[in-house]
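Visitor: Okay, handing you the structure first.
The values are calculated or read from the model by the stated rules, or taken from the named source; none is laboratory data. What you are looking at is a predicted structure, and each value in this text was computed from that prediction instead of being measured. Methodologically, a virtual Cβ is constructed for each residue, glycine included, from the backbone with ideal geometry; neighbour enumeration extends over all protein chains shown. In case anyone asks, the SASA skips ligands and DNA or RNA and just uses the protein heavy atoms, side chains included. Shrake-Rupley method; radii C 1.70, N 1.55, O 1.52, S 1.80 Å.
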Amino acid sequence: QVQLVESGGGLVQAGGSLRLSCAASGRTFSRYGLGWFRQAPGKEREFVASIRWSGADTNSADSVKGRFTISRDNAENTVYLQMNSLKPEDTAVYYCAAALSYYGRSSRLYAYWGQGTQVIVSS
């Protein structure tokens, strides 16, 4: 079992930055791929970024490449999403997710989810 708790969301002006954190419980955190997804009002949940259990490989959506960076600290059981150059279209609830031995883009393959943290980017 893995429990995930996100933090770091808030209100920011366009062009600003935020860093989201996701604290995980569980002894085998280092075996899990971790992903960030987001869901805007009236839209489906979409993939943002993911990171391999070792941290050596990452994936990111085209819409955030060059602006968002995912990282993890297995010693602290925490995954981060650094978001720079934020745009109003980044406004959404951001979710952290974990999957055993998977770090792809499919939300269906992530077994554990956090409660989400709201990000609002004003223009």
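Visitor: What list of ³J(HN,Hα) couplings, whole Hz, do you get for the stretch 72-85 from phi and the Karplus terms 6.51, -1.76, 1.60, once you set θ to phi - 60° and write x for glycine and proline?
Guide: So the Karplus estimates, Gly and Pro as x, are 9, 10, 5, 5, 9, 6, 9, 10, 10, 10, 8, 10, 10, 6 Hz.
Visitor: If exposed means no more than 12 neighbouring beta carbons inside 10 Å and the site is in a DSSP loop, what's the longest run of the chain without any exposed trypsin sites (Lys or Arg not before Pro)?
Guide: 66-123
Visitor: Okay, next question. Put a dot 7 Å past each Cα toward the Cβ at Ala111 and Ser30; how far apart are the dots in nm?
Guide: 2.0
Visitor: Where does the chain land on the Kirkwood hydrodynamic radius, alpha-carbon pairs, in angstrom?
Guide: 14.0 Å is the Kirkwood radius here.
Visitor: Where only protein heavy atoms count, and the probe is 1.4 Å, what is the accessible area per residue for the chain in Å²?
Guide: Per residue, the chain has 51 Å² of solvent-accessible surface.
Visitor: Tell me the carbon and sulfur percent of the accessible area for the chain, rounded to whole percent, probe radius 1.4 Å.
Guide: 45
Visitor: Once you have the Kirkwood Rh of the stretch 71-123 from its Cα pairs, apply Stokes-Einstein at 37 °C and 0.692 mPa s and quote D in µm²/s.
Guide: Estimated via Stokes-Einstein, D reaches 255 µm²/s.
Visitor: Specify the residue with the greatest mean-square fluctuation among Gly42, Gly104, Gly15, computed from a Gaussian network of the chain linking alpha-carbon atoms under 10 Å apart.
Guide: Sorting by GNM fluctuation, first place goes to Gly42.
Visitor: Compute the distribution of all C-alpha to C-alpha distances in the stretch 17-75, in bins of 5 Å from 0, and list the percent of pairs in each, rounded to whole numbers.
Guide: The percentages, shortest bin first, are 4, 16, 26, 25, 17, 9, 3, 0.
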